[in-house]
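Report on the structure given below.
What follows draws every value from the coordinates through simple rules; no lab data is involved. The model shown is predicted, which means the values in this text are computed figures rather than measured ones. FYI the Cβ positions are ideal-geometry reconstructions off the backbone, even for glycines, and counts take in every protein chain you see.
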Amino acid sequence: MKKALIIGINKYPRHPLKGATNDARVISELLKVNGNDSTNFEVVTLYDVETKSELLTKISDFFKVTADMALLYFAGHGFVNELGGYIVTPDHKTYDEGIGMHDILNLANQSKTKNKVIILDCCKSGFFGNATDHGSITPINTGISILTSSREDEEAKEINGHGIFTNLLIEGLKGGAADVRGHISPGGLYAYIDQALGAHEQRPVFKTNVTEFVELRSIVPQVSLSTLRKLTEYFHTPSDSLQLDPSFEDTNSNDVAHEVIEPYANKQNVAIFKNLQKLESVGLIVPVGEEHMYYAAMRSKTCKLTSLGHHYWRLVREGRI
């Protein structure tokens, strides 16, 4: 069982937000099902929780229930002072701003759930897991991954009804952060968001202490597993090149009204070439000496595995795909 607690707070008395509850709603819907409509997380969504006491109780109870994975998402205000970092609640007061980030980490550390993922879209959220000015620090125990929208000294911004960070998080969960097999992990989300943000924008922070792959969501992969498994059939070793010729190109046929080149299109080679083109589209192979696979075939050049292709070739060879 995978469970998620999704929190969005817009209604702050002095500095209300516009996008936090909308962010929480979209994230909730995405996490409930995978790209193939199979069940993913059991989700509880909280909007505009008014008090620190109520929210802390909800978070504490959430981490007490044992599951295969627990994901906590918060969108709202964040705050840091000399005593530590906080997710801010609407009833905040000076030196009682909300729930301490170290308190949330302590609850996650104490949880018996194997994998815990904490995602914060709030100002100063990069402080999560850091030491306070007094040197107090809460360790990040095994099985915990933390993804935050900004560094500890940065603001988290909103645009077009979403936080900038969560807007990219949503696109990543929809598939932008998926690997070749369609798996979306915390690390993949961080890499996707980090690359999408400009050099002068808020920077996401990723901290993790895991010993195994953690999947947050899956989508239907661009290349089927059956096609991926053909890597070792087409390339006997990772360093091999595959010889192409015009017989691989489907349009190089007398049935098509244009110049054709011998050897003419061969049904078996055409099927292989279509798979090769799919593998090229996800960065696993490249043509050698030509810009496009079409010309590599028509000019009898070769194609080869990329570095990423080497990785997936080994996964196929080891029976892991």
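Things worth noting here:
- Share, in percent, of DSSP beta bridges within the stretch 2-218 that are antiparallel, nearest 5: 40 percent
- Inter-label distance, nm, simple model (7 Å from Cα along the C-beta direction), MET1/LYS114: 1.6 nm
- Only DSSP H runs of four or more residues enter the estimate; each adds -39500 (n - 2.57), and after division by the residues of the chain the mean residue ellipticity at 222 nm equals -8500 deg cm²/dmol.
- By other beta-carbon atoms within 10 Å, ranking ILE137, ILE219, ILE27 with the fewest at the front produces ILE137, ILE219, ILE27.
- Modelled label reach - GLU50, point 7 Å along Cα→Cβ, the stretch 82-107 residues with backbone N closer than 13 Å: 90-92
- Scanning the chain for GluC sites (Glu not before Pro) in DSSP loops with at most 10 neighbouring Cβ atoms within 10 Å leaves 83-211 as the longest stretch between them.
- Acute angle (nearest 10 degrees) that the helix 52-64 long axis makes with the longest principal axis of the chain, alpha-carbon atoms: 50 degrees
- Our summary gives the stretch 260-321 a relative contact order of 25 percent, counting only alpha carbon pairs under 8 angstrom and 6 or more residues apart.
- Cβ-derived FRET efficiency at R0 35 Å, ARG320 paired with ASP61, nearest 0.05: 0.40
- Three-way shape label, the stretch 2-218, alpha-carbon gyration tensor, a/c 1.5: rounded
- The stretch 70-145 shape via C-alpha gyration tensor axes, a/c threshold 1.5: oblate
- Taking every C-alpha pair closer than 8 Å and separated by at least 6 residues, the mean separation divided by the residue count of the chain gives a relative contact order of 13 percent.
- When the stretch 225-317 is described by a simple charge dipole with +1 on each Lys and Arg Cβ and -1 on each Asp and Glu Cβ, the residue from SER253, HIS310, ILE272 located farthest towards its positive end is HIS310.
- Loop-exposed chymotrypsin sites (Phe, Trp or Tyr not before Pro) per DSSP, neighbour cap 16 Cβ within 10 angstrom, longest uninterrupted part of the chain: 96-212
- In this structure, LYS32 and LYS274 have a Cβ-Cβ separation that, at R0 = 22 Å, corresponds to a calculated FRET efficiency of about 0.05.
- Farthest toward positive dipole pole in the chain [+1 Lys/Arg, -1 Asp/Glu at C-beta], among HIS102, GLN222, MET1: MET1
- Residue range of the chain that is longest and free of trypsin sites (Lys or Arg not before Pro) which are both DSSP loop and sparsely packed (at most 12 other C-beta within 10 Å): 113-319
- Taking 0.36 nm per residue of sequence separation and removing the Cα-Cα distance, the ARG14/ASP68 pair yields an extension gain of 15.5 nm.
- Check: the chain dipole with +1 on Lys, Arg Cβ and -1 on Asp, Glu Cβ, in debye: 740 debye
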